[in-house]
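**Student:** One structure, as structure tokens, below. Some questions next.
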Amino acid sequence: MKKASIYCRVSSPDQRVENQILDLRKMAAQRGFEVVREYCDRGVSSSKVRRPGLDTMMADARRGEFTVLLVAAFDRVARSTKEFLQIVDELHELGVEFISSREAIDTTGAMGRMFITLIGSIAELEKSILVERIKSGMRRARLEGRRLGRAPLSVDRNALVRDRLAGMSLTDVAAKFRISRASVVRVVRQAKQKQLVAA
């Protein structure tokens with residue numbers, strides 16, 4: 001039985017990796033793989049230089065702790081086609097098969113590697129187009145005098161911080177004030193920073 005590992009990543013703290021993990025566990029069971037380790041990066045954008053889960057996974061691959069890597073999609077792994085191919089090439093040299101669920105591609109054959117290169121290039125192109133659209137929209141908004149960035153939260157920040165520091169769960173605070181969990185984290189962090197500066 002081949003030893004497999006799972007790598008998952010979500011780019012914001014309020015997103016969950018559980019769906020990715022469950023789908024990949026199911027895939028591993030269907031293919032007769034034994035899942036020996038699961039690596040997750042939560043709230044980490046692919047543009048960040050450091051991704052602890054990915055770094056640990058690559059270190060374990062170099063130690064030969066697994067022979068198959070399962071991911072939900074190509075874009076969960078790397079920020080660019082160049083980096084993606086470097087990771088896949090290193091895994092290949094280490095004898096680790098790379099399998100992506102969404103694209104239904106693995107690197108066990110030449111066709112799989114060709115598709116990985118092609119799809120990775122398309123994904124990078126899509127990201128570049130999206131970034132350019134966003135920049136273009138921001139330029140137009142500035143010219144029209146529109147406000148950019150998040151609208152200020154219309155909540156009682158002091159009450160929110162008191163509730164959270166008193167032990168109320170992140171989910172309950174978010175529900176009470178009708179904002180996202182990420183916004184709760186941000187407001188509490190800002191309040192703590194202000195306290196440190198004041199001290």
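**Student:** Computed FRET efficiency, Cβ-Cβ of residue 133 and residue 11, R0 22 Å: what is it to the nearest 0.05?
**Tutor:** Calculated value: 0.75.
**Student:** Which label belongs to the value computed from this structure, given these candidates for Rg and Dmax of the Cα atoms in Å: [x] 17.3, 56; [y] 21.0, 62; [z] 26.2, 98?
**Tutor:** Here Rg and Dmax of the Cα atoms in Å agrees with entry [y].
Read the figures in this text as sums done on the coordinates, not as results from a lab. These figures come from a predicted structure and were not determined experimentally. Methodologically, a virtual Cβ is constructed for each residue, glycine included, from the backbone with ideal geometry; neighbour enumeration extends over all protein chains shown.
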